[in-house]
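Every number in this text was worked out from the coordinates using simple rules, so none of it is lab data. Keep in mind that this is a model prediction, so the values were computed, not measured. We place every Cβ from the backbone using ideal geometry, glycine too, and count neighbours over all the protein chains shown.
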Amino acid sequence: MKVALTGGIACGKSTASDWLRRRGVCVIDYDQLAHDVVAPGTAGETAVIEAFGPDIAVDGQLSRQALGQRVFTSSDARLKLEAIVHPLVYQAADAAQRDAEQCGHHLVVHEIPLLVEVMDPSAFDQVVVVDAPAPLRVRRLVEGRGMAPEEASRRLAAQTSDQHRLAVADVVWDGSGSPDDLRAQVDCWLSAVGQDIPSS
């Protein structure tokens, strides 16, 4: 079973995915893959530097800070970067899915923050959305990550709407409560899909 897990920033998605891993579920983290495919020495790193110029490199290696400044201030630059990185991430995710199946995992969860924005949700057997109200998510970013309120609001506004995500959801987990509340919802879902849950 190939499942997509998504949700807006600071909704509780990381809490859910961490718990899934602790329950023995294979989770493929697309944010991590996006870092991996442009790691030092990779073809992805070379392609990004060639596309954006040597000023985004330090000592021949990609500077994430310089690249971030470029793509956060220009939608054209962001689209150029996505055109390089996204296909590499999809290839890596497909390979990870095959590896997980060969290792005997019958349930594989793909953690994809931008599922609705950049992918086809119908490519998955099920879509799970972690949802929480926008004001709460802003507060979490301010209190938990030290962001200024204006920056936190900009981060939320840069993502698709909650309604857009919920429209593709097969399952919704409420991320507005405590971490334990969310973990309990994860366990209920695991039982519903027939995943064995190890004793704590």
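Observations on the model:
- Close amide-amide hydrogen proximity is noted between VAL193 and no other residue 5 or more places distant or on a separate chain, at a cut-off under 5 Å (H modeled in the peptide plane; Pro and chain starts excluded).
- Taking a quarter of the surface of the Cα convex hull of the chain gives a mean projected area of 12.2 nm².
- Local net charge near GLN102, Cβ-Cβ under 15 Å (Lys/Arg +1, Asp/Glu -1): -1
- Cβ-based net charge around GLU45, under 13 Å, with every Lys or Arg adding one and every Asp or Glu removing one: -2
- Positive end of the dipole of the chain (Cβ unit charges, origin at the Cα centre): among ALA169, THR42, ALA93, the Cα lying farthest that way belongs to ALA169.
- ³J(HN,Hα) computed for each position of segment 107-116 - Karplus, 6.51 cos²θ - 1.76 cosθ + 1.60, integer Hz, glycine/proline x: 10, 10, 9, 9, 8, 10, x, 9, 3, 5
- Neighbour counting of Cβ atoms within 10 Å sorts the residues ILE197, ILE49, fewest neighbours leading, into ILE197, ILE49.
- Chain lengthening between GLN97 and GLN69 when straightened (0.36 nm per residue, less Cα-Cα): 6.8 nm
- Residue exposure sequence - VAL168, VAL89 - by fewest surrounding Cβ within 10 Å: VAL168, VAL89
- ³J(HN,Hα), Karplus 6.51/-1.76/1.60, whole Hz, each residue of segment 50-59, x for Gly, Pro: 5, 6, 9, x, x, 6, 9, 10, 10, 6
- Segment 60-113 - Rg over Rh from alpha carbon coordinates, Kirkwood radius: 1.15
- Near-label residues of segment 104-147 by backbone N, under 20 Å of a point 7 Å along Cα→Cβ of ASP174: 128-140
- DSSP bridge analysis restricted to the chain gives an antiparallel fraction near 10%, rounded to the nearest 5.
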